[in-house]
Amino acid sequence: MKKVFIKYNPYLVTTEVLIDGKEPPQNSELHHPQQRLQDWVDELPDILVKESNSERIQLIFHGTSMDFDDIEDVFGMKNLEKKGLRKERFEIIHEQGYEPADQEEKLITLYEEIKRKLGDDAQLEDAFAAFQSGVFEVAVVATMSAGKSTLINALLGEQLMPSAQGNCTAIITKIRDDDTATDWRLCAYDADGNCIEQKESATIDDMRRHNEGEKKPKQVQLTGNIPFVSSKDMHLMLVDTPGPNNAENEEHGDVQRKYVNDGREKPLILYVMKPEYNEGDSDALLQDIASRMQDKGKQARDRFLFVLNRMDERKREDVPLEEEICKVKKYLAKKGIEDAKVFPISAQAALDIRRAKKNVQDEELKEDADSFVKKLNKRDYLHLDAYAPLSGRLRAEILARMAAARAFGDAAEEALIHSGVPSLELAICQYVRKYAKMMRIKLFASALQNIIQEKNSLETAKEQVLKNQEEYQRHQDQYNALQRKLEDGTQAQAFETRLQKESESAEERAEKSLKELQKPFESELRRQIAKVKEMGTCVPLDKAKKAGKELYEYVERMEAEFCVMVEREIESGLQKHAEQLYNEYRLMLKSMASDLPVLGTGAFSVSPLDLVKGRLDNMKDLLKHAGYRKQVKVGEHEVEEEAEWYDLFHKFFPRIYIVPEYEKRSFVDMSEFAQGILPPVQEALHENVDMTKAYIKKQTAYVTQLFREECQKLNAQLVATMQDLDRCAADKDGAAQRLVETQRKLAWLEEIPRRMDDILAV
């Protein structure tokens, strides 16, 4: 038997591998430096078979429970059978590592110690505020009448979102979790991000008013306590998105598409389906989902949960639920979505049961809830929780909750579990903790490390000054030269020129990439229209309608693909631009130090780069996320600025090209029809390419301006640091005492990285 040991650290993103106690060779596929487990775990069974050369393999995995869930998943029976491997060949053992909750608590304790030692420090407080205020979005998407609003209400445990037959969601609604809230606070925003209405205790009537009124806000944000999550983990944000088939607003389909194709933040997507799941589904949206699920890594699949709603409507004579779920998976597979995670639920049952627990005096509500309780508990074919695609650990948690409910005779809780909604909630929480919370801990730890590194550099400089004040005085010219460089207009102008050149280069690169993306799209479009043209001049009406519909749907899919490619190109380009700006500033700081005058035997011993290292690295993270989705601050809330380059064909390729003309004649000249389609589609494409160029220019300018502002802050900080060192040198009487204090502080600072490593260990 071959023994393979894998230790994975999700906080540091490191992997250690031993095969029979030895490291694998350098060319081994088991080496994954700085790669998340979820990016390569799918390949692990095949790699182990290939490199072990053994019929029996024992895999010992040391890590968190959530990461072990992924190990268990890829070594599950179904997955191994797809790979042509026998499950009996593998023995999987889990060595428990530290869980995120433990690490987070230790990290906060260390932060509090650092705060006590350093006193009031804006940089430190900003890092902690960012850590505490982390928001993770869960977008709920669906087509008309799938029960999307009812599901959101079920998750909230109260009737807050308007729900009825037909499309009720006409605006974007973001629902932010706050465990301290006792009511739902509402803020409505206009298209410019201005809060136009605030209300401390919002009701369903307020939401109806905003959705049904003539002057609708662009977005509504609700803040309150979402019961199934804790804001200690992350501030969850449920996003109720308008459906793509809402004729009231053509941008609605793009809203859902943006969340689906967000490759940076990777929000969780709940795709709500009705029992008649093949009716009204958006092919373009499903195509987007299929494309994203085919991206590399397990997270690409984990972030899409398919919710099959209204399963309480099932009858005993219907096909078994397992067979029904298989049919749904086959339907999704035809759309390119393989191995979909399908959760059968009854949102209405969960909502009524939860509301009845809160409103015990409402007799009508109690009757509705009691009806669901009896129905779900009595009929085993409605035990929806049994069919939820949960990991073994989450399955055990659901079973434990069920056992507790039965032990206490809580029939309502038992029925609630059978509704399938609690299983879905566990899956949501698992994704947030596995991906968002891990990243949150990592970023906070990184911010603390940067701050400590910077403070260490400053205290080292103070120690040198205090140890040899005469030497410092002799080299005062060095410090003065640095300060002059920072304040000198010539230096600033030279740097500004480099910034301008880099911005122009970034725009040129983006435009070139855009042209390259446009070529195959336009070529394929011409080919498809030519096929329609070849149908001839006298095509029967029904055949012409079918061809026209297929062409429209094809163009719609092409539009989605093109938008995805453009989105990715914009994101990549802006990130490269930000990276280059960051490097330019680093080079400037380095050149400042190298150009300083050297007097006597000494030299400028502390690099200006080291003195602002923490702030500079934080700026790098800020720039990374600055461009593509600019955030507009409005009080305590943030509203996403809309990108206006997106609407490719809705205005220029409406269905009117197909329907009105067909009603006038029995036969269609498809050649004429095709000739009429191509010009407006090309016009739309070219116009929107121009809009995209303008958008890129605007966002590039925004990133560059943000960078300028951050550089000014860093320059001011450097000047302040130089002044601090001057004051330190001038204090000759207290030099001895300050040296002792500085050395004590240095010893403490130098110990922090080791303690941080201990905290982030698994």
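The values are calculated or read from the model by the stated rules, or taken from the named source; none is laboratory data. Just so you know, these numbers come straight off a predicted model, no measurement behind them. Quick reminder, even Gly has a Cβ in these numbers, built from the backbone with ideal geometry, and neighbours come from all protein chains shown.
Brief remarks follow.
- M311 vs. criteria assigned by TED's automatic domain parsing to the domain that holds K335, at pLDDT below 90, in contact with a Gly (Cβ under 8 Å, 6 or more places away or on another chain) and not polar (S, T, N, Q): no
- Positions within region 6-34 being of a type in the set (V, I, T) and surrounded by fewer than 19 Cβ atoms within 10 Å (Cβ to Cβ), in sequence order: V13, T14, V17
- Filter result (touching an Asp or Glu at 6+ places or on another chain (Cβ under 8 Å) and either buried (at least 17 other Cβ atoms within 10 Å of the Cβ) or farther than 22 Å from M558 by Cα (or both)) within region 273-295: M273, P275, A284, Q287, S291, M293
- Qualifying residue in region 324-338 (condition: assigned by TED's automatic domain parsing to the domain that holds A142 and in contact with a Pro (Cβ under 6 Å, 6 or more places away or on another chain)): no
- Put simply, of A386, A356, A404, A412 the only residue that is touching a Leu at 6+ places or on another chain (Cβ under 6 Å), part of a helix (DSSP H, G or I) and either over 26 Å from F136 (Cβ atoms) or assigned by TED's automatic domain parsing to the domain that holds Y11 (or both) is A356.
- One residue stands out in region 705-762 among those that are free of Cβ contacts under 8 Å to residues at least 60 places away in the same chain and outside any helix (DSSP H, G or I): the one that is surrounded by the fewest Cβ atoms within 10 Å (Cβ to Cβ), namely D733.
- When every residue of region 102-109 is checked against the conditions, at least one turns out to be within 30 Å of Q132 (Cβ to Cβ) and aliphatic (A, V, I, L, M).
Let's see how each residue does on (1) modelled with pLDDT under 80; (2) of a type in the set (G, A, S); (3) not assigned by TED's automatic domain parsing to the domain that holds Q712:
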site	(1), (2), (3)
F495	yes, no, no
E504	no, no, no
E511	no, no, no
K515	no, no, no
G536	no, yes, no
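- Subset of region 304-323 (residues that are free of Cβ contacts under 8 Å to residues at least 12 places away in the same chain and not in a loop (DSSP other than H, G, I, E, B)): E323
- Every pair of residues 6+ apart whose Cβ atoms lie under 7 Å, when the first sits in region 66-81 and is touching a residue at least 12 places away in the same chain (Cβ under 8 Å) while the second is among the hydroxyl-bearing types (S, T, Y) and buried (at least 21 other Cβ atoms within 10 Å of the Cβ): D67/Y8
- Subset of region 1-46 that is of a type in the set (A, V, I, L, M, F, W, C) and assigned to a loop (DSSP other than H, G, I, E, B) - its residue that is farthest from S446 (Cα to Cα): M1
- Condition met for F707 (more than 30 Å from Q464 (Cβ to Cβ) and modelled with pLDDT of 70 or more): yes
- Out of A356, A369, A340, A350, one residue alone is touching a Phe, Trp or Tyr at 6+ places or on another chain (Cβ under 6 Å) and in contact (Cβ under 8 Å) with a residue 24 or more places away in the chain. It is A340.
- Of the residues making up region 9-20, not a single one is more than 22 Å from I759 (Cβ to Cβ) and touching a Gly at 6+ places or on another chain (Cβ under 6 Å).
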